[in-house]
Amino acid sequence: MTQSAPLPFPSAWRDRHLLDLERLQAAELFAILSTAEQLKALTDGCRRKISLLSGKTCANLFFENSTRTRNSFSLAAKRLGADTVEFSSAGSSVAKGETFVDTAKTIEAMGVDWVVTRHQTPGTPHLLARELGCSVLNAGDGPHEHPTQGLLDILTILQHRGPRDWQSASLDPSQLLAGMTVAMVGDIAHSRTARSNIWGLKSLGADVIICGPPTLVSPRWEEIGFEVAHRLDDIVERCDVLNLLRIQFERQQTRPFPSVREYAALYAMNGDRMRRAKSDILIMAPGPINRGVEITPEVADGPHSVILEQVTNGIAVRMAALWLLSGASDIAASESNPPR
Amino acid sequence: MTQSAPLPFPSAWRDRHLLDLERLQAAELFAILSTAEQLKALTDGCRRKISLLSGKTCANLFFENSTRTRNSFSLAAKRLGADTVEFSSAGSSVAKGETFVDTAKTIEAMGVDWVVTRHQTPGTPHLLARELGCSVLNAGDGPHEHPTQGLLDILTILQHRGPRDWQSASLDPSQLLAGMTVAMVGDIAHSRTARSNIWGLKSLGADVIICGPPTLVSPRWEEIGFEVAHRLDDIVERCDVLNLLRIQFERQQTRPFPSVREYAALYAMNGDRMRRAKSDILIMAPGPINRGVEITPEVADGPHSVILEQVTNGIAVRMAALWLLSGASDIAASESNPPR
Amino acid sequence: MTQSAPLPFPSAWRDRHLLDLERLQAAELFAILSTAEQLKALTDGCRRKISLLSGKTCANLFFENSTRTRNSFSLAAKRLGADTVEFSSAGSSVAKGETFVDTAKTIEAMGVDWVVTRHQTPGTPHLLARELGCSVLNAGDGPHEHPTQGLLDILTILQHRGPRDWQSASLDPSQLLAGMTVAMVGDIAHSRTARSNIWGLKSLGADVIICGPPTLVSPRWEEIGFEVAHRLDDIVERCDVLNLLRIQFERQQTRPFPSVREYAALYAMNGDRMRRAKSDILIMAPGPINRGVEITPEVADGPHSVILEQVTNGIAVRMAALWLLSGASDIAASESNPPR
């Protein structure tokens, strides 16, 4: 473990929690994203360990199954030298009648610095942030938000299509993605990834198109000013970025379209549509991908796909979030307890 | 990770295992408790890491579900720089026909320094202590004992109600809690926590009252000299400490009382009973708590409750136990292999 | 964690993956085995930590239940200072429709250095080795191979019965076990352990006997030149080493012998057979053992049994494999990117 180079703490960041992207200002989004980029470089592309958060502990408190996001947070914490501890709902105290908040307070009392939480109920992380003294990170609250997924998607776009000097503090963060057209395609209704992307992209100036079956796209999006499309063919030629969402069969009571084949016919990104798209289109998917449903193998494995870069950027934005929240806690502590 | 300050090894401690509190002398209990207090201070309230046990490995071998106790042991080990490894019964070799002792010996052969074990059968840790060369810590053996839970409860009492200089070696440890009345309330029959508290409190001079429904309190307690009560109202005014046990529905074949409502009417600590209690009464619960059953929210969240401090002290006593057992092993090794 | 002494990198080792023993040369087997012996010494018998692989990360990707092998790999990684991360099939992205290769590529994109994998399908690790950029270690692919188990068994034999100077580079590795008769006894058909032992032992010059019920031993073994026996009594007097395999009831659709009692009568190593065996016979079992089936307690716990040493050697060979694969990757990287 090498000693970490000093990293400037961005003055725009003051929050001890990361709950959603909807309420973050462009300057705050920029603070996380540029910190993530620096940490990615300091860790040799998220592969090496630095001692930035050594001695601190990150607790994962997941009430929904997750391997990918949970491990991504754990690896991000370990890359910065922190320890991790895992709590899950199966076999835990919640099954013995304990309330969710009591479980979280008990974990906090064990001396953890961050609680990373996933829960099927929207707003749960916001509740915990009010009840706990430590930092809370939302790793997905029902269909509401999944802020680190939104951030990693946006970081990937910036790396490929942002201004060359996007990390420069001299640019207006609210215009970083101006002129860029990004479509979120698929199961918008059940997707916290869609919601976090939409708010974050909008704050940085992108034009967002929401594309999916009418049964999976609320008409509210159009009412509040977003472009809505019901056929990928109608928009594919105009898009700079496509973010292809997975159909979350496990969250659906009734099938919202006649068949997977019909869904794929209207929404799958395939070779035909690639040939009609811009020559530098960026293909993204939050994963896990369902080959042959929302994306065909030739597109998933093709030169425009940045799906695996998104995974690596997930480590980067989670390292940035853990470090910024911890720093904001330290600043708050030093201000309430000024040195004598 | 900061280099740890030298910590004096208490001469009263010689044991390589922590199996129960019933057979520990007052001086041994004092050795653990005062070491726990020092380690809590050295780790900034159990929140920071020191390198006291760096390079050693702690194995959790749990045959009953546990998140809280398992993670508390893991965090205690990590706070002192040790590594941890998790074994559980689900999907393990026991399901393939291996005996319990063979499983434990296999884990020991992987080079671990401590085995922390929970099992539904009383005496299992004692069996392992005879069969293994490494240290064994009992994390709960059926309804028998849960020694670290007893220790963390007693540490919490000492911090709040012990003599101001309770850590001073000049006091008689067997009188540390003299004059203090502590009631264990609720499901005594199924509670290893109750048993560990009872023996530990008695050794340090406290007066212990055992309070619960006749179906959940054996008459044997009275025969061997403990005060037994069947109504909380009969004793609440005299108590300095109440330790409110959870009804362990999952351990009961038949319901030992007519209804939860009736149980709560007789045994729940609520606002009415608080007003009749001593003005400095200490309210404890081993958790997870069932709000509205053994404790009402106003009491659980009120100023007399030290429930979350108990959780933090759990880290402290487990750090102390790991360090003391490891030191006793080192002493035994150096005595059997004197330097040439 | 002590700074590791410099360890010479064996020039015979060039591979970035460990997939099977069948295709390894004697010199490569020797490279792993002698490295394992050195790492065992450097870590005080696999009990202490050195910083050889500090900052690297090992991912366990297990699609079959495993506690023992998974933890052995994890402990080996931690002993060398690496971090570990656990993926399992339950609750993972595979359940959401992701392909096995996409899951593995996603894990690699999180920045891991090794993927340790177990899967019910033979050849899966070979597939991953072609698809991934990081190192792949086979921890068992169906009934095909389990190379680290074969290596730890062979290391145990070398330690007890190899030439006194077996680690010396002056010996011919293909003759290290010349003159040694080793029998694999039991359920050969379902045993990846058997297959890895057979190929590894053969490469180092041992005489291998394959012994088991005709329903569990393919006639192909005899056709390709191995001695096959169907009664332990026919061979027990000639053997230097017996490796007693567990009957893997969980892998069998139909019972391949009339009863466990009948199996034990023909194949169990018991006191009677011990008295007819060579006076220095070595008794091995990959574990978990079924006492009373393939081995009786007096043999399992007797002076000829090295079953627990095998477990410790498992840590040693896995440390060696992780280090060698990592070194081969570094060499490959430095050769493709020569220093300027």
Tell me, which residue of segment C:81-93 that is at pLDDT below 90 and within 19 Å of A:GLY314 (Cβ to Cβ) is surrounded by the most Cβ atoms within 10 Å (Cβ to Cβ)?
-> C:PHE87
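Let me confirm something: among B:GLU108, B:GLU22, which residue is away from chain C (no Cβ under 11 Å) and over 24 Å from A:THR103 (Cβ atoms)?
Residue meeting the stated conditions: B:GLU22.
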Quick one: count up the residues across segment C:58-71 that are touching a Phe, Trp or Tyr at 6+ places or on another chain (Cβ under 8 Å) and at the interface with another protein chain (Cβ under 7 Å from one of its Cβ atoms).
-> 2
Residues being over 23 Å from B:TYR267 (Cα atoms) and acidic (Asp, Glu) - total across segment B:167-213 | 1
Lone qualifier among A:ALA139, A:ALA77 - being among the small types (Gly, Ala, Ser), in contact (Cβ under 8 Å) with a residue 60 or more places away in the chain and either within 13 Å of chain B (Cβ to nearest Cβ) or assigned to a loop (DSSP other than H, G, I, E, B) (or both) | A:ALA77
If B:HIS144 satisfies every condition in (1) closer than 21 Å to B:GLN25 by Cβ; (2) buried (at least 24 other Cβ atoms within 10 Å of the Cβ) but one, which is the exception?
-> (2)
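Out of C:PRO213, C:PRO219, I need the residue that is outside the structural domain of C:SER66 (by TED's automatic domain parsing), surrounded by 14 or more Cβ atoms within 10 Å (Cβ to Cβ) and not small (Gly, Ala, Ser). Which one?
C:PRO213
Table: residues versus (1) surrounded by fewer than 19 Cβ atoms within 10 Å (Cβ to Cβ); (2) modelled with pLDDT of 95 or more.
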position	(1), (2)
B:LEU53	no, yes
B:LYS56	no, yes
B:SER66	no, no
B:ASN71	no, yes
B:ARG79	no, yes
B:ALA95	yes, no
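Can you tell me which residue among B:ARG47, B:ARG23 is in a loop (DSSP other than H, G, I, E, B), without any contact (Cβ under 8 Å) to a residue 12 or more places away in the chain and in contact with a Gly (Cβ under 6 Å, 6 or more places away or on another chain)?
Values: B:ARG23 fails: in contact with a Gly (Cβ under 6 Å, 6 or more places away or on another chain).
Among B:ARG47, B:ARG23, only B:ARG47 is in a loop (DSSP other than H, G, I, E, B), without any contact (Cβ under 8 Å) to a residue 12 or more places away in the chain and in contact with a Gly (Cβ under 6 Å, 6 or more places away or on another chain).
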Scan segment C:255-295 residue by residue and report those that are basic (Lys, Arg) and outside any helix (DSSP H, G or I).
-> C:ARG255, C:LYS278, C:ARG291
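What residue, of B:LEU201, B:LEU232, B:LEU177, B:LEU155, is in contact with a Gly (Cβ under 6 Å, 6 or more places away or on another chain), surrounded by 15 or more Cβ atoms within 10 Å (Cβ to Cβ), in the same structural domain as B:MET274 (by TED's automatic domain parsing) and at pLDDT 95 or above? Even if it seems obvious, please write down each step before you answer.
Values: B:LEU201 fails: in contact with a Gly (Cβ under 6 Å, 6 or more places away or on another chain); B:LEU232 fails: in contact with a Gly (Cβ under 6 Å, 6 or more places away or on another chain); B:LEU155 fails: in contact with a Gly (Cβ under 6 Å, 6 or more places away or on another chain).
Sole residue among the options that is in contact with a Gly (Cβ under 6 Å, 6 or more places away or on another chain), surrounded by 15 or more Cβ atoms within 10 Å (Cβ to Cβ), in the same structural domain as B:MET274 (by TED's automatic domain parsing) and at pLDDT 95 or above: B:LEU177.
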Would you check which residues across segment B:301-330 are more than 14 Å from chain A (Cβ to nearest Cβ) and not hydroxyl-bearing (Ser, Thr, Tyr) and list them?
-> B:GLY302, B:PRO303, B:HIS304, B:ALA320, B:ALA321, B:LEU322, B:TRP323, B:LEU324, B:LEU325, B:GLY327, B:ALA328, B:ASP330
Looking only at segment A:324-340, decide whether some residue is part of a helix (DSSP H, G or I) and closer than 18 Å to C:ALA109 by Cα.
-> no
Would you check if B:SER196 is under 24 Å from the mean Cα position of the chain (by Cα), under 22 Å from B:LEU176 (Cβ atoms) and either surrounded by fewer than 19 Cβ atoms within 10 Å (Cβ to Cβ) or at pLDDT 95 or above (or both)?
-> yes
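Quick one: in segment A:286-310, of everything that is under 22 Å from A:ARG47 (Cα atoms) and touching a residue at least 40 places away in the same chain (Cβ under 8 Å), which residue is surrounded by the fewest Cβ atoms within 10 Å (Cβ to Cβ)?
Step one: filter segment A:286-310 for residues under 22 Å from A:ARG47 (Cα atoms), giving A:286-288, A:305-310.
With touching a residue at least 40 places away in the same chain (Cβ under 8 Å) added as a condition, the list becomes A:286-288, A:306, A:309-310.
Details: A:PRO286: 26, A:GLY287: 25, A:PRO288: 20, A:VAL306: 20, A:GLU309: 17, A:GLN310: 22.
Among them, the one singled out is A:GLU309.
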Check off (1) in a loop (DSSP other than H, G, I, E, B); (2) modelled with pLDDT of 95 or more; (3) among the polar types (S, T, N, Q) for C:GLN38 and give me the number that stays unchecked.
-> (1)
Can you find even one residue in segment B:146-165 that is part of a helix (DSSP H, G or I), of a type in the set (Asp, Glu) and in contact with a helix residue (DSSP H, G or I) (Cβ under 7 Å, 6 or more places away or on another chain)?
-> yes
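The values are calculated or read from the model by the stated rules, or taken from the named source; none is laboratory data. Small disclaimer: the values here were computed from a predicted structure and weren't measured. Every residue, glycine as well, gets a Cβ built from its backbone with ideal geometry; the counts of neighbours run over all protein chains shown.
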